[in-house]
Structures are given as C-alpha cells and as structure tokens.
Amino acid sequence: QVQLVESGGGLVQPGGSLRLSCAASGNDVNRYMMVWYRQAPGKQRESVAVITSSGTTNYATSVKDRFTISRDNAENTVYLQMNKVKFEDTAVYYCSARFGTLEYWGQGTQVTVSS
C-alpha cells in the first residue's frame, strides 16, 4: 500500500512558476514509477510527466521544455517544477505511483493560472 499527498498548488500568473510536491509513504516506494496527471474542467485526465524508478523522464508535448519532474528517493518525494505556465495549465494535478498492475493516487492539488 502506498499513500500519496500532493501539495504546492495555488494561483499563479501566466508566465510564472510553481512547484508541486508529492509525498509518498509505504513499502518500496522508490521502486514505483511516478506520474503526474492533470484534469481540467470538462476534460479527460491526461498524463503530464513520468519518472521511472531509475530516473528516466518523459513529458507530454504540451509541457515539454516548461515542466520538470524529479524525485528525491531519500525523502520519498516527487516534484513537478512548472515554469512559464499558461492559462491552459489550469487543472487539478494528481500524483500517481505505479508498479506492475498496482496503481495508487493522491487526492490532487488545484493549480489555477490567472492574471
């Protein structure tokens, strides 16, 4: 069992930055692939960024070169650094831990981009 708690969301102006955190607890958390998803109002949930247990990363085209996913295995925490944010980045952001057929989710944190 893995528990995930996201934090760091809030209101940010276009062009600004925000850093989301996902604190993980449970057994062998560092073996899990970690994924940041987001869901905007009226839209399907989409994968934003992925980081494997070995540190390999992958990004959605819409956020590539603006967002950075990282993990601190000593702190069991995954981060999403969001730079140059746009209005369309407004969404609830969720952290997910995936290992084989197992997948756990956090409760989400709201990010609102507004001037």
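The values are calculated or read from the model by the stated rules, or taken from the named source; none is laboratory data. Worth saying up front: this structure is predicted, and the values here are computed from it rather than measured. Every residue, glycine among them, receives a Cβ derived from its backbone with ideal geometry; neighbour counts consider all protein chains shown. To get the accessible areas, we keep the full protein, side chains included, count just its heavy atoms, and leave off ligands, DNA and RNA. Shrake-Rupley method; radii C 1.70, N 1.55, O 1.52, S 1.80 Å.
Observations on the structure shown:
- For the stretch 76-101, the tally of residues that are open to solvent by 80 Å² or more (accessible area, probe 1.4 Å) and either β-branched (V, I, T) or without any contact (Cβ under 8 Å) to a residue 24 or more places away in the chain (or both) stands at 1.
- V29 meets each of the listed conditions (1) closer than 17 Å to K86 by Cβ; (2) open to solvent by less than 60 Å² (accessible area, probe 1.4 Å) apart from (1).
- Some residue of the stretch 49-67 being in contact with a helix residue (DSSP H, G or I) (Cβ under 7 Å, 6 or more places away or on another chain) and β-branched (V, I, T): no
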